[in-house]
Amino acid sequence: MADQRKPPPVTLDATSKGIIEQLQEDGRRPYAAIGKAVGLSEAAVRQRVQRLVESGVVQIVAVTDPLQVGFSRQAMIGIKAEGDLQGLADALADIPEVDYVVVTAGAFDVLVEVVCEDDEHLLQVLNNDIRTLPGVRTTETFVYLKLRKQLYNWGTR
């Protein structure tokens, strides 16, 4: 059997945390401005950011507001399953409307978040894409009524 241990987590120094915090505030902030804030040159910041991205510690992406781009229905779906959870999680991750998949311990075996255009679209995803997957026993859907908080800065605490 192949060794499936994960590499140890990366330890971030205060400077790298500062760079990440600057990028979390504004992902387009110039490296020169970040350098001033953390006490490095523009070139040094560029190198650090490149290393952080290449090592998978950070991703620099545009985060959209689903409501502003035509996706008015979001939901978390709890799935009780049987059999291979990893295979099920992989199949769920392949569904275009799914943006989050986590294998859990507790009342549900897997949780997925879906982003849909409307209730009809959500129903189609549930009935045609999720409930038909091998291993899915039951689902429970938690429709989001109002998003009150969503942050991306937990990674520098």
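The values are calculated or read from the model by the stated rules, or taken from the named source; none is laboratory data. The structure displayed is predicted, hence computed values, not measured ones. When we count neighbours, we look across all protein chains shown, and the Cβ atoms used for this are built from the backbone with ideal geometry, even at glycine.
The residue that is farthest from Gln124 (Cα to Cα), among those in region 72-94 that are charged (D, E, K, R) and at pLDDT below 95, is Asp84. Yes or no: region 69-86 includes at least one residue that is closer than 24 Å to Asn153 by Cα and surrounded by fewer than 14 Cβ atoms within 10 Å (Cβ to Cβ). Within region 69-86 (the criterion being closer than 24 Å to Asn153 by Cα and surrounded by fewer than 14 Cβ atoms within 10 Å (Cβ to Cβ)), the answer is yes, since at least one residue qualifies. In the set Glu140, Glu97, Glu117, only one residue is charged (D, E, K, R), at pLDDT below 95 and surrounded by 11 or more Cβ atoms within 10 Å (Cβ to Cβ); that residue is Glu117.
Mind listing whichever residues of region 2-42 are touching a residue at least 12 places away in the same chain (Cβ under 8 Å) and basic (Lys, Arg)? Listed by number, the list holds a single entry, Lys17. Scanning region 114-157 for residues that are aliphatic (A, V, I, L, M) and either touching a residue at least 60 places away in the same chain (Cβ under 8 Å) or assigned to a loop (DSSP other than H, G, I, E, B) (or both) returns Leu133, Val143, Leu145, Leu147, Leu151.
Could you please let me know if Ala105 is within 16 Å of Asn153 (Cα to Cα), surrounded by fewer than 14 Cβ atoms within 10 Å (Cβ to Cβ) and out of contact with any helix residue (DSSP H, G or I) (no Cβ under 8 Å at 6 or more places or on another chain)?
Details: within 16 Å of Asn153 (Cα to Cα): no; surrounded by fewer than 14 Cβ atoms within 10 Å (Cβ to Cβ): yes; out of contact with any helix residue (DSSP H, G or I) (no Cβ under 8 Å at 6 or more places or on another chain): yes.
For Ala105, the condition - within 16 Å of Asn153 (Cα to Cα), surrounded by fewer than 14 Cβ atoms within 10 Å (Cβ to Cβ) and out of contact with any helix residue (DSSP H, G or I) (no Cβ under 8 Å at 6 or more places or on another chain) - is not met.
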